[in-house]
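These notes are about the structure you will find just below.
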Amino acid sequence: QVQLVESGGGLVQAGGSLRLSCAASGRTFSTGAMGWFRQAAGKERELVAQISRGEYTYYVDSVKGRFTISRDNAKNTVYLQMNSLKPEDTAVYYCAAKDLSSRRNEYDYWGQGTQVTVSS
């Protein structure tokens, strides 16, 4: 019902910046909170940032002050601005969305992932 496509990943030097984009299509009016997850090699997947329909935001401690999540409802797009990148940020980043119709407090839709590599 909802498709998510990430873009903007790539290779960047430590201290640099990247902006990830996630374009939603389909029944976008049914989406609630949206978030960005990441999974580094050999690590568990973790929630990096989340933004509600009311634009309340959450960030994992390790990215506070460096990353900013935002959404543009007119464009059906969510962004993750990543500044002061560190090698520890290297991971596959996934966009995800919750469906308003679901009683489960879980993410229902997932993008394919985009690789972010930060060199030292």
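The values are calculated or read from the model by the stated rules, or taken from the named source; none is laboratory data. All of these numbers come straight from a predicted model, not from anything done at the bench. All Cβ positions, glycine included, derive from the backbone under ideal geometry; neighbour counts span all protein chains shown. To get the accessible areas, we keep the full protein, side chains included, count just its heavy atoms, and leave off ligands, DNA and RNA. Shrake-Rupley method; radii C 1.70, N 1.55, O 1.52, S 1.80 Å.
General observations
- Selected residue (criterion: surrounded by the fewest Cβ atoms within 10 Å (Cβ to Cβ)) from residues of the range 100-109 that are touching a residue at least 24 places away in the same chain (Cβ under 8 Å) and under 16 Å from the mean Cα position of the chain (by Cα): Asp108
- Counting residues in the range 42-50 that are modelled with pLDDT of 95 or more, within 14 Å of the chain's Cα centre (by Cα) and assigned to a loop (DSSP other than H, G, I, E, B) gives one or more.
- Within the range 25-83, the residues that satisfy the criterion of being of a type in the set (A, V, I, L, M, F, W, C) and over 20 Å from Thr117 (Cα atoms) are Phe29, Ala33, Met34, Ile51, Ala74, Val78.
- The range 71-91 residues that are part of a helix (DSSP H, G or I), paired with ones that are surrounded by 17 or more Cβ atoms within 10 Å (Cβ to Cβ) (beta carbon under 6 Å, 6 or more apart): Pro87/Val118; Asp89/Val118
- Residue under evaluation Thr31, criteria (1) open to solvent by 30 Å² or more (accessible area, probe 1.4 Å); (2) touching a residue at least 60 places away in the same chain (Cβ under 8 Å), criterion not met: (1)
- Failed item, numbered, when Gly26 is tested on (1) at negative phi; (2) surrounded by 12 or more Cβ atoms within 10 Å (Cβ to Cβ): (1)
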